[in-house]
Amino acid sequence: MTRSAATPARRDETGSDGNSEYGRKGFQRSRSHFADRITADGRDGWPVEAGRYRLVVSRACPWASRALVSRRLLGLEDALSLAVADPIQDDRSWRFTLDPGDRDPVLGIHHLSEAYDARQSGYPGGVSVPAVVDVPSGQLVTNDYQRLTLDLATEWTALHRPGAPDLYPEPLRDEIDEVIDGVYRQLNNGVYRAGFATTQQDYEDAYRDVFHRMDLMSARLADRRYLVGETITEADIRAFTTLVRFDAVYHGHFKCNRNKLTEDPVLWAYARDLYQTPGFGDTVDFDHIKRHYYLVHTGINPTGILPAGPDLSGWLTPHGREDLGGRPFGDGTAPGPVPAAERIAAAGQP
Ligand SMILES: N[C@@H](CCC(=O)N[C@@H](CS)C(=O)NCC(=O)O)C(=O)O
């Protein structure tokens, strides 16, 4: 049984996102449970194969959105099909109520939990996106969001489009790893630690981390177009999916309110530059983002009021970052147009 999107599920009065733990140490993100890898050599039993797997996302989710951006940049749309869940979960978690008959047309399931159960019957843990499902068996393969995009970049190369950028270039991996580690701890996950803090001290620690990392990034990006090297890499993808949500949800809903993204001229221009780069902004649905956070986290927004703002029109304004040099796709090219079935509805765009 599913609930309609108009009746948001009051599923967790603590504001938990379902796979987080709350304890004396404050908000703690649990580790992904299914960490099999889909690789070129198929060492975990899951070889890279065109058409075999389905990527399940919510466009609201920053971790899933990394995979949406990578898939577009690498031109994997035909090789790895896409299921988009309703941004509002019900008591069985992510569901396919955006599809005819409330069922994913390829997997034939109503809820993502059915793929978890097919993998491990009676699976008791949290159901999370992103998830990759093996279409023939209907089984979940992985929900390891940290590994997923790295594998799309390095293991799926045989299926990349001509001109796909190298998002995790060998010579830059140490530097990328260092940057994404700090960005993860203090920014990507820092906003969640702030938003779901249950003590003043935890909140203030997280708030300090968030803005410390944003200040470091702002200084780093003042005279260089991208976080690492001269081109877009995994580091930019991971920064982007948090920055694009910042003013719409993290500033208000998660109380990360020292300043808005739009008040940091460097980071705001950097985020706009990425948003306007094919493969980034064309995956972003602000309507899904806002409705998920404000309507699902009833513990921190008990009235369920959806804010009318912020004004999103600035995302399309000139950013001037070309003057810093750098080439978004290196020796490669921009991805082609978004497949018609995957275009973002007008309600989700600036
Ligand atoms: N798989 C993850 C991270 C991905 C994640 O947290 N995704 C969120 C959405 S942004 C989710 O699906 N949460 C489960 C839920 O809300 O029911 C983990 O183990 O921490």
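Derivation of every value follows stated rules applied to the coordinates shown; laboratory data play no part. In this text the structure is predicted, and so the values were computed from the model without any measurement. Because the Cβ atoms are built from the backbone with ideal geometry, glycine has one as well, and the counts that use them run over all protein chains shown.
Before moving on, here are some points about what is shown:
- For the pair ARG173 and GLN276, the difference between a 0.36 nm per residue extended length and the Cα-Cα distance amounts to 34.5 nm.
- For the pair LEU306 and ALA345, a Förster radius of 22 Å applied to the C-beta separation gives a FRET efficiency near 0.85, rounded to the nearest 0.05.
- For the stretch 144-156, 3J(HN,Hα) per residue [Karplus equation, 6.51 cos²θ - 1.76 cosθ + 1.60, θ = phi - 60°, Hz, x = Gly/Pro]: 7, 5, 6, 8, 3, 5, 5, 5, 4, 6, 10, 9, 9
- Near-label residues of the stretch 257-300 by backbone N, under 17 Å of a point 7 Å along Cα→Cβ of ASP78: none
- For the chain, the orientation-averaged shadow of the C-alpha convex hull comes to 16.7 nm² (one quarter of the hull surface).
- Here THR317 and THR198 are evaluated by their C-beta separation; at R0 = 45 Å the FRET efficiency comes out at 0.70.
- Contact order relative to length of the chain, as percent, for alpha carbon pairs under 8 angstrom and 6 or more apart: 22 percent
- Order of LEU152, LEU98, LEU74 - criterion: other Cβ atoms within 10 Å of each residue's Cβ, fewest first: LEU98, LEU74, LEU152
- Quarter of the Cα convex hull surface for the stretch 172-348, i.e. its orientation-mean projected area (nm²): 10.8 nm²
- Beta bridges per DSSP, both residues in the chain: antiparallel share near 75 percent.
- The ranking of ARG52, ARG147 by Cβ neighbour count inside 10 Å, starting from the fewest, reads ARG147, ARG52.
- For the stretch 39-112, the Kirkwood hydrodynamic radius from C-alpha pairs, put into Stokes-Einstein at 37 °C and a viscosity of 0.692 mPa s, yields a diffusion coefficient of 246 µm² per second.
- R0 of 22 Å, Cβ-Cβ distance THR333-ALA158: FRET efficiency to nearest 0.05: 0.75
- Counting neighbouring beta carbons within 10 Å and listing from fewest to most, the residues LYS290, LYS260 come out as LYS260, LYS290.
- Taken as Cα centroids, the stretch 92-109 and the stretch 176-223 sit 35 Å apart, rounded to the nearest whole angstrom.
- In the elastic network of the chain, a GNM with C-alpha springs shorter than 10 Å, the most mobile of ALA308, ALA248, ALA164 is ALA308.
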